[in-house]
Every structure is written in structure tokens, then in C-alpha cells.
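Since every read-out is calculated from the coordinates, none of them should be taken as a lab result. Keep in mind that this is a model prediction, so the values were computed, not measured.
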Amino acid sequence: FLETTAYFCMKPKMGEKEVSPHSFFSIWHEFSSDFKDFWKKENKLILQERVKEAEEVCRQKKGKSLYNIRPKHDSGIVSKICSNA
């Protein structure tokens, strides 16, 4: 615990010799809860962007036809009968 407080450069409050766990973890709790809130908001924004991109890709794919329609050739029996008549 003391090494951790030294790593984060925590200094004891006035009148205390060492950093108390209560003071360290109260600050740490605030930091972690703020971080969690920002993390959730950022993930939500990223998810919304990905959904929009996926919807755009779907729209583009729906806009393109998946198959080609060729014109009908007049080579069948009906066309030969109709052309001879």
C-alpha cells in the first residue's frame, strides 16, 4: 500500500504521518467511478457509429442489384412460328 501511494505521489494530509487507506481509496473511488462513466459513454458512441456504418453498408448493398437481367433473345419456338406467319 505504501509503495502504491508513493507511486501516485500521494502525500499525507496535514497532521498525519502517513497516507491513510481511507483518504487514498476515497480519491481512487471517485476516479474509478468517473472513468467507468466515461468508458460507458465512449463505448455507447462507438457502438452508435458502428451501427450507422453497418446501416450505410446495407443501404449501399441494397442499392446495387445482386443479379443482372439480360434481354430476352428471340430464338425460341414461339419466335420462329411468329416470324414465319
* Cross-link partners of Lys41 among aspartates and glutamates (Cα-Cα below 19 Å; sequence separation of 8 or more within a chain) -> Glu30, Glu49, Glu53
* Could you calculate the contour length gain from Ile27 to Lys61, that is, 0.36 nm times the residue separation minus the distance between their Cα atoms, to one decimal place in nm? => 7.1 nm
* To do: Mind checking which aspartates and glutamates have their Cα closer than 17 Å to the Cα of Lys17? Skip sequence neighbours fewer than 8 apart in that chain.
  => Glu3
